[in-house]
Amino acid sequence: MHDTGHGMFMLLEAAYFTRFVFSKRSRSETATQMFITGIKSLAVITVVALFTGMILALQTGLELRRYGQEVYIGSAVAVSMIREMGPFMTGLIIAASVGSAIAAQIGTMTVSEEIAALEVMSINPNRFLVMPRLVALTVMMPILTVYTNILGILGGAVVGSTQLGVSMQAYMDNATQFSTNKDLYVGLFKAFIFGIVITGVACHQGFMTRDGAVGVGRATRRSVIISFLVILVLGYIITRLFYV
């Protein structure tokens, strides 16, 4: 309970400091974090997104083929990617790569007493460290999710046209016919929430780091595990709230 309260207070204070995001120093750090979150994650997101869409299309198409309905794989893949798999897979990738890096960086600063030095210099760690990362992840997560959705749907189209005999035109027609704006908005809302969760968990674990290098490794591991679990639970809850 204490850890949860500390994490919530940290995020609220960081959100309060977002009014400073356009200051020169904050703008530079936020841009750096957006570059790390977005551009440096594109390679792994590209591979995961393509194969997620291909796997969804193949598995769904094989089952639909039994009933002669394989033409509908476009709708199945599109709705699954936009509503659930896009934000979910993006969240897991960012939590494992960016979130772990944030926890390790802040954890190292904590055990080396750099955080204490910032406080001595009257520099708020939440404004200096958390706020740029919070802004970067909440902005980049929806953008990366849209990128994941597009590649996943294209990956499904490749499988449909090459292995299941579904033309690209029929696939895309079904994909656009059955997916709705609500699916897109809910998926982007999930991505936004996941960005907040990843930042909060990673920064909190970094600030709570103790016991030197061993503690940094422990904080990094906990950051990834907790982020994964919270993303899973929140993904289900949000879907339940909007669709049931």
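Compared with the dominant Cα axis of the chain, that is its longest principal axis, helix 2-16 is turned about 90°. Peptides 164-174, 68-78, ordered by how many other C-beta atoms sit within 10 Å of their residues on average, highest first, read 68-78, 164-174. The alpha-carbon atoms of the chain define a convex hull whose volume equals 135 cubic angstrom per residue. Between Tyr67 and Tyr236, the simple label model (points 7 Å from Cα in the Cβ direction) yields a spacing of 2.6 nm. Rolling a 1.4 angstrom probe over the protein heavy atoms with all chains in place gives the chain an accessible area of 49 Å² per residue. Scanning residues 5 or more positions from Val166 or on other chains, those with amide H under 5 Å from its amide H are Ser161, with H placed 1.01 Å from N in the peptide plane. Each listed q (0.13, 0.18, 0.21 Å⁻¹) maps to a log10 I(q)/I(0) for the stretch 100-244, found by the Debye formula over equal Cα scatterers with no solvent: -0.72, -1.02, -1.20.
Spatial offset of the stretch 59-77 relative to the stretch 83-105 amounts to 30 Å, using the alpha carbon center of each. Protein heavy-atom surface of the chain, 1.4 angstrom probe: 68% of the accessible area is carbon and sulfur, with nucleic acids and ligands not counted. Ordering Ala104, Ala157, Ser80 by Cα displacement along the dipole of the stretch 49-169 toward the positive end leaves Ala157 in first place; charges were set at the Cβ atoms of Lys, Arg (+1) and Asp, Glu (-1). Thinking of the stretch 162-244 as a set of Cα atoms, what percent of all their pairs are more than 19 Å apart? Counting pairs separated by more than 19 Å, the tail of P(r) holds 58 percent. Among Ser227, Gly215, Tyr171, whose Cα lies farthest out toward the positive end of the dipole of the stretch 159-241, if unit charges sit on the beta carbon of Lys, Arg (+1) and Asp, Glu (-1)? Positive-most Cα among the choices belongs to Gly215.
Computed from the alpha carbon atoms alone, the convex hull of the stretch 113-191 holds 106 Å³ per residue. Projected over every direction and averaged, the convex hull enclosing the alpha-carbon atoms of the stretch 143-185 yields 3.0 nm². Helix 24-38 and the long axis of the chain differ in direction by around 40°, with both axes built from C-alpha atoms.
Across the chain, C-alpha contacts under 8 Å between residues 6 or more apart give a mean separation that, scaled by the residue count, equals a relative contact order of 34 percent. Relative to the longest principal axis of the Cα atoms of the chain, helix 212-243 runs at roughly 40 degrees.
With Cα atoms defining each centre, the stretch 28-52 and the stretch 177-244 are spaced 16 Å apart in the structure.
The values are calculated or read from the model by the stated rules, or taken from the named source; none is laboratory data. Just so it is clear, the structure is predicted and the values come from calculations on it, not from any experiment. Positions of Cβ are backbone-derived with ideal geometry, glycine not excepted, and every protein chain shown enters the neighbour counts. The area values use the complete protein model at the heavy-atom level, side chains included, leaving out ligands, DNA and RNA. Shrake-Rupley method; radii C 1.70, N 1.55, O 1.52, S 1.80 Å.
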